[in-house]
1. Using Cα pairs closer than 8 Å and at least 6 residues apart in sequence, work out the relative contact order for the chain, in percent.
2. Would you calculate, for the chain, the mean residue ellipticity at 222 nm contributed by helices, counting each DSSP H stretch of 4 or more residues as -39,500 (n - 2.57) and dividing by all residues, to the nearest 500?
3. Using the crude model of +1 on Lys and Arg Cβ and -1 on Asp and Glu Cβ, and no other charge, please compute the dipole size for the chain relative to its Cα centre, in debye to 20.
Amino acid sequence: MTIDEVRQRVASIDEIAHMSEQAHRAEDKLYCEVLEAIAAGAPDPAGLARAALAATDLGMERYYSAPSD
């Protein structure tokens, strides 16, 4: 997994942000896959994490808590 791949995934989540349930599932899946890549020894783990966390800035409705809680 590369930083560019993560950025592409975040962009694809942004495209479906209006479909809250699907967007949240895709966001959760991205976080899990990034963590798995980091655990497997991916280069630049901090960069991967930063790229994935960009998903918290998307305009998705968050019913239960804000991403900064």
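Values in this text are rule-based calculations from the coordinates and carry no lab data. In this text, all values refer to a predicted model and were calculated from it rather than measured experimentally. Here the Cβ positions follow ideal geometry from the backbone for every residue, glycine too, while neighbour counts run over all protein chains shown.
1. Numbers: 47 pairs, mean separation 30.9, N = 69.
The value is 45 percent.
2. Details: 3 runs with 42 residues, N = 69.
Value at 222 nm, helices only: -19500 deg cm²/dmol.
3. Working: 6 positive and 13 negative charges, 12 e Å.
Dipole about the Cα centre, nearest 20: 60 debye.
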